[in-house]
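Notes for the one structure printed next.
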Amino acid sequence: MPSSETERRARLPETVPLHARPAGEFVRAAAQFPAEISVAANGKRANAKSILEILALGAVGGTELVIAASGDRAAEAAEHLAGLVPQLA
Amino acid sequence: MDGESRNGFVGLVLVSHSAAIAEGLAELVAQVAGPSVRIVAAGGGPDGTFGTDGGRVLNALQEIAGPAGAVVLMDLGSSVLSVRAAFGELPKETIAQLRIADAPLVEGAIAAGVTASTGGSVDEVLAAAQEARTVAKL
């Protein structure tokens, strides 16, 4: 099922807003996957592979992110990124 | 390591009227994009004044050129003219490795640096830089 869609939720650490450096790390991780991946927070949705869109989410520490992936290796991508979010520093 | 990054990742050249802007932005992009992306700052006039230095821009382009390619970002006005003039001095093979981004300098450089750090191609890095024209901040 190469085109399955997967959604995962993950919370940023309380002290880590999704600002430039952690956002860069997140985007690098997302870019390893061929899947289409989006991140939603604060009623906005961003392409997980675009740092400018990720930064525009304005996600502060403790925000819950909704990661949705579709296409090739979607489940693996969503799982990996959801695991990464609480580890961001 | 340097040789590896030179071949593997797209590089960036940052051209500004201010040496401090170009160098500070290079540091900022390095923080966000990590150490694998080569960034050359070419800011300021010939004797430390505000302005652009065609020779410095040309040297930067020659320094960054390589098989992986590089994207040039600039602020405005004479920065653009200096980049155009420097391209006129370069051989065709070098020009083929370079792309000029029509993008806001800071936002474009951040986007380009991160995309370069993912291993993106020179055209993907160019597209990321130019996306900065349309992505809203708020």
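The values are calculated or read from the model by the stated rules, or taken from the named source; none is laboratory data. All values reported here derive from a predicted model rather than from experimental measurement. Quick reminder, even Gly has a Cβ in these numbers, built from the backbone with ideal geometry, and neighbours come from all protein chains shown. Heads up: the accessible areas ignore ligands, DNA and RNA and are worked out on the full protein's heavy atoms, side chains in. Shrake-Rupley method; radii C 1.70, N 1.55, O 1.52, S 1.80 Å.
If the condition is being surrounded by fewer than 22 Cβ atoms within 10 Å (Cβ to Cβ) and either away from chain A (no Cβ under 14 Å) or not in a helix (DSSP H, G or I) (or both), then the range B:27-37 contributes B:Gly34, B:Pro35, B:Ser36.
So B:Ile110 ticks every box in (1) closer than 25 Å to A:Val60 by Cβ; (2) out of contact with any strand residue (DSSP E or B) (no Cβ under 9 Å at 6 or more places or on another chain); (3) surrounded by fewer than 23 Cβ atoms within 10 Å (Cβ to Cβ) but one. Which box is left unticked? Result: B:Ile110 passes all but (3).
When the range B:10-26 is examined, which residues are found to be in a loop (DSSP other than H, G, I, E, B) and under 12 Å from the mean Cα position of the chain (by Cα)? Residue satisfying the conditions is B:Val10 alone. Residue-level check: of (1) modelled with pLDDT of 95 or more; (2) of a type in the set (Ser, Thr, Tyr); (3) open to solvent by less than 50 Å² (accessible area, probe 1.4 Å), A:Thr15 misses just (3).
Scan the range B:120-128 and give yes if some residue there is away from every other protein chain (no Cβ under 14 Å), more than 30 Å from A:Gln32 (Cβ to Cβ), open to solvent by less than 60 Å² (accessible area, probe 1.4 Å) and of a type outside the set (Asp, Glu), otherwise no. Checked against the condition, which is being away from every other protein chain (no Cβ under 14 Å), more than 30 Å from A:Gln32 (Cβ to Cβ), open to solvent by less than 60 Å² (accessible area, probe 1.4 Å) and of a type outside the set (Asp, Glu), the range B:120-128 yields no hits at all.
Beta carbons closer than 7 Å, at least 6 apart along the sequence or on distinct chains, pair a first residue in the range B:41-60 that is assigned to a loop (DSSP other than H, G, I, E, B) with a second that is of a type in the set (S, T, N, Q) for B:Gly44/B:Ser18; B:Gly45/B:Thr52; B:Phe50/B:Ser18; B:Gly51/B:Ser78; B:Thr52/B:Ser78; B:Thr52/B:Ser79; B:Thr52/B:Ser82.
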